[in-house]
1. Does any residue of the stretch B:239-262 turn out to be surrounded by 13 or more Cβ atoms within 10 Å (Cβ to Cβ), in contact with a helix residue (DSSP H, G or I) (Cβ under 7 Å, 6 or more places away or on another chain) and closer than 30 Å to B:Ser87 by Cβ?
2. Condition first: aliphatic (A, V, I, L, M), in contact (Cβ under 8 Å) with a residue 60 or more places away in the chain and facing chain A (nearest Cβ under 8 Å). Now tell me which residues in the stretch B:74-97 satisfy that.
3. Please count how many residues of the stretch A:1-48 are in contact with a Phe, Trp or Tyr (Cβ under 7 Å, 6 or more places away or on another chain), farther than 22 Å from B:Thr89 by Cβ and among the small types (Gly, Ala, Ser).
4. Residue pairs, Cβ under 6 Å, 6 or more apart or interchain, first in the stretch B:163-186 and modelled with pLDDT of 95 or more, second surrounded by fewer than 14 Cβ atoms within 10 Å (Cβ to Cβ). List them.
5. Just give me the residues in the stretch B:208-230 being in contact (Cβ under 8 Å) with a residue 60 or more places away in the chain and under 21 Å from B:Lys109 (Cβ atoms), in sequence order.
6. Does the stretch B:20-34 contain at least one residue that is at pLDDT 95 or above, part of a helix (DSSP H, G or I) and open to solvent by less than 30 Å² (accessible area, probe 1.4 Å)?
7. Does the stretch B:206-235 hold any residues that are open to solvent by 60 Å² or more (accessible area, probe 1.4 Å) and closer than 28 Å to B:Arg19 by Cβ, and which are they?
8. Is it true that B:Pro279 is open to solvent by 70 Å² or more (accessible area, probe 1.4 Å), modelled with pLDDT of 95 or more, within 22 Å of B:Pro54 (Cα to Cα) and not in a helix (DSSP H, G or I)?
Amino acid sequence: MSTKNWPLWEIFVRSKNGLEHRHFGSLHAADAEMALENARDVYTRRNEGVSIWVVESKHITASNPENNGELFEPAQDKVYRHPTFYDLPDEVKHM
Amino acid sequence: MSEEQIKNLEKQFDERIARDEKIEPKDWMPEKYRKTHIRQMSQHAHSEIVGMLPEGNWITRAPSLRRKVALLAKVQDEAGHGLYLYSATETLGVSRDELYEQLHTGKAKYSSIFNYPTVTWADMGAIGWLVDGAAIINQVPLCNTSYGPYARAMIRVCKEESFHQRQGYEIMIKLANGTPEQKEMAQDALNRWWWPSLMMLGPTDDVSVHTEQSMKWKLKRKSNDDLRQQFIDQTVPQADLIGLTIPDPDLKWNDERGSYDFGDIDWDEFWQVVKGHGPCNKERMKARVGAWEEGEWVRDAAMAHAEKKKERNQKQAV
């Protein structure tokens, strides 16, 4: 068995200009350059992308779904952040 | 956690799936869900990887450049599918090395169909048409399965799979319309691949052990027997169209059921192959383990090179 395994990388692909990079999946590679080349072969064999980002998985900090309550609850009672909260006369057709 | 708390969590979990909510990697999940998914997803990944071997056998001998680029692209897709599925499996907390280890030691299974030999060029046609055809029938429902990373990988796999089946059927069309020898070769390939393809859809419902739980978790949407019937009903007219004969004397259209009746499947053969006694089980594992072991120095060298480069960059930055 190898002494050191290739680290895991997360792959983000922009499918065309004007759109954001989207998470496509992950793969193993020795370094960032190889991760890019492998991502090209694994995730864009049919012109799925015009730009690729790779980031080593260990550098991603993720929120814990168990804490979703306290993390996202503060937004739940703030209906005044939505346009429908405000009363307008019917005569105003577009606003 | 107390037993009652776990029961409660499991109940909420089942309800989420029933509401068609997806489960994502960091969500709480029952241990059995995790284990079942690791087993099924890795088995699926292993099948893609081992599945490259029977077709790889013919790349250098493809009869034309057109056939060769198509076969190469198909085998490359299979490598890609294996990689999507391995990385999706890793989100469940198992490492790639552990997964390979399970395959290489025989602890994990892969689809039995790949333990049959590819003896003529027509086998490339039969595999694409029948084996990929059966795989698509198995896989399409999985695009909607409950585990998010698996469902996303399957959407990508299914999108790419349809070219595989078409290129296989096209090979069969050409051979079936060729010289008598070519037609015979196509018929011979159909004769050899038909029954193993039916077996690919899994044991009959009365003996299938995982069906009920898998249905609940949406790892399965239709039973093995239903999938098999669907495969037969869609494939028989395709054989008729190109003048090939399905090797089953009991095959007959049943007007009442609106489906084909078919003959008995030799399940002894299936279990023999699953247990390791198929024509190519040993050869496949030898090729797979050999590729892994002989590639070790390349993996190590790439890692050493990456580390050296990193050190050099750090020194320059100082």
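1. no
2. The initial filter retains those residues of the stretch B:74-97 that are aliphatic (A, V, I, L, M), namely B:75, B:79, B:83, B:85, B:88, B:92, B:94.
Okay, now just the ones that are also in contact (Cβ under 8 Å) with a residue 60 or more places away in the chain, so B:85, B:88, B:92.
The answer is B:Ala88, and nothing else.
3. Within the stretch A:1-48, the first condition is being in contact with a Phe, Trp or Tyr (Cβ under 7 Å, 6 or more places away or on another chain), and the residues that meet it are A:11-13, A:21-30, A:35, A:43.
So of that shortlist, the ones also farther than 22 Å from B:Thr89 by Cβ come out as A:21.
Restricting the remaining residues to those that are among the small types (Gly, Ala, Ser) gives none.
Number of matching residues: 0.
4. Close Cβ pairs satisfying both conditions: B:Ala176/B:Gly243.
5. Applying the first criterion (in contact (Cβ under 8 Å) with a residue 60 or more places away in the chain) to the stretch B:208-230 yields B:210, B:213-214, B:216-222, B:227, B:230.
Correct list: B:His210, B:Gln213, B:Ser214, B:Trp217, B:Leu219, B:Lys220, B:Leu227.
6. Taking every residue of the stretch B:20-34 in turn, at least one turns out to be at pLDDT 95 or above, part of a helix (DSSP H, G or I) and open to solvent by less than 30 Å² (accessible area, probe 1.4 Å).
7. To start, the set of residues in the stretch B:206-235 that are open to solvent by 60 Å² or more (accessible area, probe 1.4 Å) comprises B:206-207, B:209-210, B:212, B:215-216, B:221-222, B:226, B:230, B:234.
Scanning the stretch B:206-235 gives B:Val209, B:His210, B:Glu212, B:Met215, B:Lys216, B:Arg221, B:Lys222, B:Asp226, B:Gln230.
8. For B:Pro279, the condition - open to solvent by 70 Å² or more (accessible area, probe 1.4 Å), modelled with pLDDT of 95 or more, within 22 Å of B:Pro54 (Cα to Cα) and not in a helix (DSSP H, G or I) - is met.
The values are calculated or read from the model by the stated rules, or taken from the named source; none is laboratory data. No experiment lies behind these values; they were computed from the predicted model shown. Here the Cβ is made from the backbone with ideal geometry for all residues, glycine too, and neighbour counts use every protein chain on show. Accessible surface areas use protein heavy atoms only, side chains included; no ligands, DNA or RNA. Shrake-Rupley method; radii C 1.70, N 1.55, O 1.52, S 1.80 Å.
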